[in-house]
Amino acid sequence: MIIPHPARATIAVICVAASLNGARAQTPDWNDDRRLCGELADKTSGLVVVYPPYSDVDSAAMPLSDGRRYLRVGKAPLPWLAEARFIFIPGPNVTMRPGNEAVWNVRTETVETPAAEAPAFPRFQVRYVTLWRPGIRTNCAKDAPLEQFGDNNRHVTLYEFAQHHTIDPADNLSRSPKIYKYLHMPLDPDCRQSTDDEKVSGPDRWDAYGFEKIPNDSRLVRTIFRDPNSARARDSIGVGDELRAAYTMEFTIVTGQDRTVPACFGFTVPVPVQRNFFGFVDTHGEWHPYRTKIRLRRMPGGGVQSLEVRWKPR
């Protein structure tokens, strides 16, 4: 009979807890976003970061009725917490009438703290994309809710994501059943087209759903670009000290209530993830972001809005 070493047993318990805590911290709640939107829309507009009530954030953070606090994104760097959440309020003139529905695509691309500013911390280069789309009933899914990612399976490798959203459909690369099933969704007005259709995204699917910078990985570059030696391919490779450490891609759904409401929605604050024996686990205990670039796009055919968040050094 083998008796486990006490220290090893303790380490195993800590690893399980870290995996579960990381998953819980990053699991969105669509209904909670709606509650936040209802209160925030009366106070502010634009992009805000909402912090949990127990957090020790900037003294300028404004209170909400449930004890949470928020800061508006502007030129000043903001505190970063893995448990925080982005909320976007387009403004008082952008509203939703009862029964109407809008879908937004949200992409974030986060650079970690440059090595020169944080020489004592380990550095991470992105390997996974964190995905989300709420599992709710929509105008195109009235009989049953859309299927939704579980707590700890909303991550795919960057290579799998790139195969699904290749720049050239002529490459005929394999589409991911997981991405098709849990990320993409049918759209109004006739529900015949999906966010996954080229008629919605356009033939250049990487331009629609991909990321501006990718790791210098030859297999990944060949997957995305038909000519990996092209200027566009070279310009898309992340170089220098600014390593990309977190990517997120989400679809969020805004529905009209029993009264006209602001077209407000929430999305994920980026956290880098790694995979271990127990599944995916976030690494925010050893990591700090430097800058997050955000792209918001109304689907289908809406305009694109680009935003940037600077994070305070720890």
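Can you say whether GLU212 is surrounded by 14 or more Cβ atoms within 10 Å (Cβ to Cβ) and either under 17 Å from VAL126 (Cα atoms) or in contact with a strand residue (DSSP E or B) (Cβ under 6 Å, 6 or more places away or on another chain) (or both), as far as the supplied structure shows? Steps first, please.
Values: surrounded by 14 or more Cβ atoms within 10 Å (Cβ to Cβ): no; either under 17 Å from VAL126 (Cα atoms) or in contact with a strand residue (DSSP E or B) (Cβ under 6 Å, 6 or more places away or on another chain) (or both): yes.
No.
Yes/no per residue for (1) modelled with pLDDT of 90 or more; (2) in a loop (DSSP other than H, G, I, E, B); (3) not acidic (Asp, Glu):
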position	(1), (2), (3)
THR108	yes, no, yes
ALA115	no, yes, yes
ALA118	no, yes, yes
GLY135	yes, yes, yes
PRO145	yes, yes, yes
ASN152	no, yes, yes
GLU160	yes, no, no
ALA170	no, no, yes
From THR248, THR255, THR260, grab the single residue that is farther than 20 Å from LEU187 by Cα, of a type in the set (S, T, N, Q) and modelled with pLDDT under 85.
THR260
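Rundown of residues vs (1) closer than 30 Å to VAL273 by Cβ; (2) within 21 Å of the chain's Cα centre (by Cα), yes/no style:
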{"position": "ASP42", "(1), (2)": "no, no"}
{"position": "VAL49", "(1), (2)": "yes, yes"}
{"position": "TYR54", "(1), (2)": "yes, no"}
{"position": "VAL57", "(1), (2)": "yes, no"}
{"position": "ARG72", "(1), (2)": "yes, yes"}
{"position": "LEU78", "(1), (2)": "yes, yes"}
{"position": "ALA82", "(1), (2)": "yes, yes"}
{"position": "PHE88", "(1), (2)": "yes, yes"}
Within segment 185-195, can you find the residues that are open to solvent by 10 Å² or more (accessible area, probe 1.4 Å) and either touching a strand residue (DSSP E or B) at 6+ places or on another chain (Cβ under 8 Å) or without any contact (Cβ under 8 Å) to a residue 24 or more places away in the chain (or both)?
PRO186, ASP188, PRO189, ASP190, ARG192, GLN193, SER194
Can you list residue pairs whose Cβ atoms sit under 7 Å apart, with the first residue in segment 70-87 being free of Cβ contacts under 8 Å to residues at least 24 places away in the same chain and within 17 Å of LYS43 (Cβ to Cβ) and the second being assigned to a loop (DSSP other than H, G, I, E, B) and open to solvent by 20 Å² or more (accessible area, probe 1.4 Å)? Count only pairs 6 or more apart in sequence or on different chains.
LEU71/ASP58; LEU71/ALA60
Test for VAL73: is it within 23 Å of GLU250 (Cβ to Cβ), in contact with a Phe, Trp or Tyr (Cβ under 6 Å, 6 or more places away or on another chain), modelled with pLDDT of 85 or more and aliphatic (A, V, I, L, M):
no
Confirm whether GLY99 is at pLDDT 90 or above and surrounded by fewer than 17 Cβ atoms within 10 Å (Cβ to Cβ).
no
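The values are calculated or read from the model by the stated rules, or taken from the named source; none is laboratory data. From a predicted model like this one, the values you see are computed outputs, not experimental measurements. Neighbour counts are summed over all protein chains in view; Cβ atoms, including those assigned to glycine, are modelled from backbone coordinates with ideal geometry. Side chains are part of the model used for accessible areas, which takes the heavy atoms of the whole protein and leaves out ligands, DNA and RNA. Shrake-Rupley method; radii C 1.70, N 1.55, O 1.52, S 1.80 Å.
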